[in-house]
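The values are calculated or read from the model by the stated rules, or taken from the named source; none is laboratory data. Keep in mind that this is a model prediction, so the values were computed, not measured. Cβ: placed from backbone, ideal geometry, glycine included. Neighbour counts: every protein chain shown.
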Amino acid sequence: MLATELMTVKELWEIAAPGEAASAAGTSGLGRHVAWVTSLRASYPALAEMGQDYMVIARMALMRQLDRRINVSYLLKQLARAQAAALVIDEPLSEADIDLANEVGLPVLVVPDADLAALERALLSALVNREGQYARRESEIRRHLHGLYARAGIDSVLQELATRLDGHAQLSDAEGIGIAETSLPVPALLHMQASAVQESVPISAGGRALGLLTVSMPTPRDNPLDHLYIQEAATVSSIELLQHRARQETQEQLGAALIEALLDPHQDREAVVGRFRRLGYTIAPERRHQVIAVEIGREHGSLAGCTALMRDLQWAAKREGAELAWMEHQDYLVAFCSYGEQISERRIRGWLRQAADAMGRPCCVMGVSRTVEGVESLRGAVYQAMEACDLGRRVDECKSPHYYEDLGLYRLLGGLRDQEEMGCFYNETIGPLAEYDREKGAELVRTLEAFFAENANASSTARSLYVHRNTLNYRLQRIMDITGMDLDDPEARLSLQIGLKIHRLSQGAQRQG
């Protein structure tokens, strides 16, 4: 308990002298307990006040005036013999002194510009009135973290906590979706995951669970001040979680109406921009935008899964310095992502892929628009994202997320897939091959796809299909016989390639049906 246990060197120093210099050597002994604090005498015998578990303060210039033999090395040996807790001096250490302090495990704290008399009084006061000093430090920590939050947001609070604990901090909401976390270099993060000690603090308000603050540390922490930091960070986090929930509720209320207004060409432009602004979403000349549509599948729990995906995207966008607002529209969840020139499209593709992979299930199909600028272009971007989502589901060679600009010819065919002429074109090209495959159990369509995928190289095609070259030649001849098209004719090849893409789209439509 605070009233009966002795403070460690580290704990006492952090309470009484948090702004002073840290230990310069002998850090392995920072866990030693301190029974008393004393200054060495300026008269003989100078070392009479040294005792077991004492923190000793020495004015080195005064000690040398008293006896030229007294130096740091001499004091370290004497203090180690007396089993003292630590040495506090007012001048820098030599390399030899550092080595000796590390060897004997005696902490040396260097305070070159401090008032040693005042420091001694502060250390003694903290030692005698431990609970009062903890209350004072708790108040200071609270003011400090709340000030950080007011100036720079929750990320700065978590970073301060992680720095204090030499670890990693993460804040998640009641559903386990990340809200904020500290950034670590990849090697440090991998090491942290392999050997971390975790402490989790549930956060609630009015009996309602809000989320969880999780701190990962390389080693267990037994310093009560560390726990004060964690608890005060959790208090600040509760404010952030309440605001996050309020933003979500506002977003849900305004979202559907915003998309309807955006897609209505008769709506006033400034009114639409104002609605975006109320959601905390920036539309400005220097900002670029992408729209992300996630199709809500038919599977049980699909809406919850897609909602979790959107929250992951929102968190990733915030971490990257972008903005993301999402809402439900018809059979989709639609997200608007706004970012500056400092963020590359490649970087955004990276975190979209990470978020999609993290879901671990196929129920969330994601489509992504082209990059656009200005509110006028957002209307078309919404349609592009939904179209990419729809086409991506139909074309099984594509893997979510599906990018509108990467769908190539499928974009043109997607707009024609209900037209009678496209059906006729299909029947004149790939239709007879597909019918032959169904009747004979052959693989002519697959063979033709492989042939074009290998740039019409027969040897490569045979290897990719694991068939003999003669078998491939027979299949290619059957394809030309059935379709009446010459595979050496560029126009015929183009027609067959387009027919194959129509075939993919029709197969996707049949699977959905």
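Going through region 377-433 one residue at a time, which ones are modelled with pLDDT under 70 and basic (K, R)?
Residues satisfying the conditions are R411, R417.
Would you pick out the residues in region 429-463 that are surrounded by 14 or more Cβ atoms within 10 Å (Cβ to Cβ) and among the hydroxyl-bearing types (S, T, Y)?
Residues satisfying the conditions are T429, Y436, T447, S460, T461.
Under the condition of being within 23 Å of L212 (Cβ to Cβ) and modelled with pLDDT under 85, which residue from region 135-164 is nearest to the chain's Cα centre (by Cα)?
R164
Pairs under 8 Å by beta carbon, first residue assigned by TED's automatic domain parsing to the domain that holds G31 and touching a residue at least 24 places away in the same chain (Cβ under 8 Å) in region 91-111, partner polar (S, T, N, Q) and part of a helix (DSSP H, G or I), six or more apart or different chains?
D97/S73; L100/S73; N102/T27; N102/S28; G105/S28; P107/T27
Could you list, in sequence order, the residues of region 486-503 that are of a type outside the set (D, E, K, R) and farther than 15 Å from E449 by Cα? So that I can check it myself, show each step before the final result.
The first filter runs over region 486-503 and keeps only residues of a type outside the set (D, E, K, R), leaving 487, 490, 492, 494-500, 502-503.
Of everything in region 486-503, just one residue is of a type outside the set (D, E, K, R) and farther than 15 Å from E449 by Cα, namely P490.
So is V201 at negative phi, modelled with pLDDT of 85 or more and touching a strand residue (DSSP E or B) at 6+ places or on another chain (Cβ under 8 Å) or not?
In short, yes.
Every residue, every condition in (1) surrounded by 21 or more Cβ atoms within 10 Å (Cβ to Cβ); (2) at pLDDT below 85; (3) of a type in the set (D, E); (4) closer than 21 Å to A150 by Cα, yes or no:
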| residue | (1), (2), (3), (4) |
| --- | --- |
| I177 | no, yes, no, no |
| A180 | yes, yes, no, yes |
| V197 | no, yes, no, no |
| A209 | no, no, no, no |
| L228 | no, yes, no, yes |
| L241 | yes, no, no, yes |
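Being crowded, with 22+ Cβ neighbours inside 10 Å and part of a loop (DSSP other than H, G, I, E, B) is the filter here; which residues of region 333-388 pass it?
The one that is crowded, with 22+ Cβ neighbours inside 10 Å and part of a loop (DSSP other than H, G, I, E, B): S369.
Of (1) touching a helix residue (DSSP H, G or I) at 6+ places or on another chain (Cβ under 7 Å); (2) modelled with pLDDT of 85 or more; (3) not in a loop (DSSP other than H, G, I, E, B), I283 satisfies all except one. Which?
Answer for I283: the failing condition is (3).
Mind checking which residues of region 65-77 are surrounded by fewer than 16 Cβ atoms within 10 Å (Cβ to Cβ) and at pLDDT 85 or above?
N71, S73, Y74, K77
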